[in-house]
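Novice: Mind looking over this structure? Questions follow.
The values are calculated or read from the model by the stated rules, or taken from the named source; none is laboratory data. Just so it is clear, the model here is predicted, and its values are computed rather than measured. All Cβ positions, glycine included, derive from the backbone under ideal geometry; neighbour counts span all protein chains shown.
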Amino acid sequence: MADGDRGKFSAEYADGSFARGDFIHDVFRIGDIKLENTTMGLGSDTDISFGLLGIGYTEFEAPDACQENIKYDNIPVSLAKSGAINSVAYSLWLNDLSKMNPSVTDRTGTQLTISLSDSPTGNVLFGGIDTTKFEGNLARLDILENQERKVFDEFVVQLSSMSIESDDSCDIDLVESPLPVLLDSGTTNTVLPDDIFRQLKTILGATHIDQVPDLVVPCNLGTDGMIFSFQFQGEQGPKIRVNANQFATRFPDPIFFDSGPNEGNEACALGVESADDDIPILGDTFLRSAYVVHDLVNNQIGIANAKFNVTESNIVPFTSMGATIPSSTPVPK
């Protein structure tokens with residue numbers, strides 16, 4: 001670590017968590033791949049109990065304490081420069097509601113897989129896609145440029161509509177005009193504009209109970225066939241269907257309703273929050289239902305409905321730097 005790097009690392013996240021400390025330079029290993037002189041933040045003052053792997057745009061890497069971005073190659077860029085993968089791109093498959101604990105790494109040709117959960121297993125796949133993990137073809141969405149800074153710095157795409165489908169044929173439209181949303185695997189919940197959030201919590205019957213401060217819903221949410229449909233980039237864009245049960249997150253120690261219409265049923269935390277004035281975020285409670293490819297060279301997202309609990313694999317690598325997402329088709333404009 002150079003003296004000029006001391007005290008420069010400072011990061012704060014959407015949920016209010018933070019890390020401050022020094023920038024360091026060290027060898028970073030993933031499986032049998034070794035990345036020399038990798039820049040990392042060492043959080044000596046933090047309320048985060050686990051490590052974070054920055055795999056977004058380098059424009060949005062942790063700013064220093066003076067609010068100036070320190071530009072350096074992050075892991076996807078370093079993997080591409082080392083020849084471990086062919087393009088700066090990766091795929092994310094979170095898979096159902098299993099715990100996310102880093103576990104196994106596996107390298108196959110020009111892509112690298114890191115498992116994210118115990119059982120069933122989700123993963124992040126650098127440099128390729130796995131065609132067994134999604135339905136149909138991937139639709140290519142355009143990432144929206146930061147209009148103020150005139151750069152691509154976050155995975156913001158256009159959400160065209162959001163509706164609730166139910167077996168009783170009483171569909172409800174929640175988003176009727178285009179809305180920029182951030183796809184963010186670093187955010188656990190889905191964060192929606194306050195007017196949409198208030199409608200949604202009423203529809204789902206979210207309430208407070210004495211045991212926890214969170215809004216809660218019955219853990220059997222979604223057994224009535226209620227499905228959320230998210231459509232992206234226009235009327236011809238892809239629709240990602242999310243069962244309502246993906247918005248019900250169990251507590252580590254089971255909690256039960258002790259009164260009211262759900263008395264005796266297990267209570268789960270509602271995996272949706274109000275965005276207030278911030279940009280809406282489609283976090284893990286949405287992303288589990290989608291297979292998402294991040295192409296940081298062409299500034300595109302590939303997206304399709306995910307298949308849950310798939311054990312087989314068919315990995316297709318990006319063929320070269322800047323190649324389009326394999327098995328994908330563009331959304332008509």
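Novice: Could you pull out every one of the strands (runs of 3 or more DSSP E) wholly within segment 244-327 that has 3 or more residues that are out of contact with any helix residue (DSSP H, G or I) (no Cβ under 6 Å at 6 or more places or on another chain) and crowded, with 19+ Cβ neighbours inside 10 Å?
Specialist: Qualifying strands (runs of 3 or more DSSP E): 266-270, 290-295, 300-305.
Novice: Please specify each residue of segment 170-223 satisfying the condition of being β-branched (Val, Ile, Thr) and buried (at least 17 other Cβ atoms within 10 Å of the Cβ).
Specialist: Scanning segment 170-223 gives 175, 181, 187, 188, 190, 191, 196, 209, 216, 217.
Novice: Something else: Within segment 257-278, is even one residue of a type in the set (Asp, Glu), more than 21 Å from the chain's Cα centre (by Cα), assigned by TED's automatic domain parsing to the domain that holds residue 175 and closer than 21 Å to residue 96 by Cβ?
Specialist: Yes, segment 257-278 has at least one match.
Novice: Given 73, 26, which one is at pLDDT 90 or above and assigned to a loop (DSSP other than H, G, I, E, B)?
Specialist: None of the others qualify; the one that does is 73.
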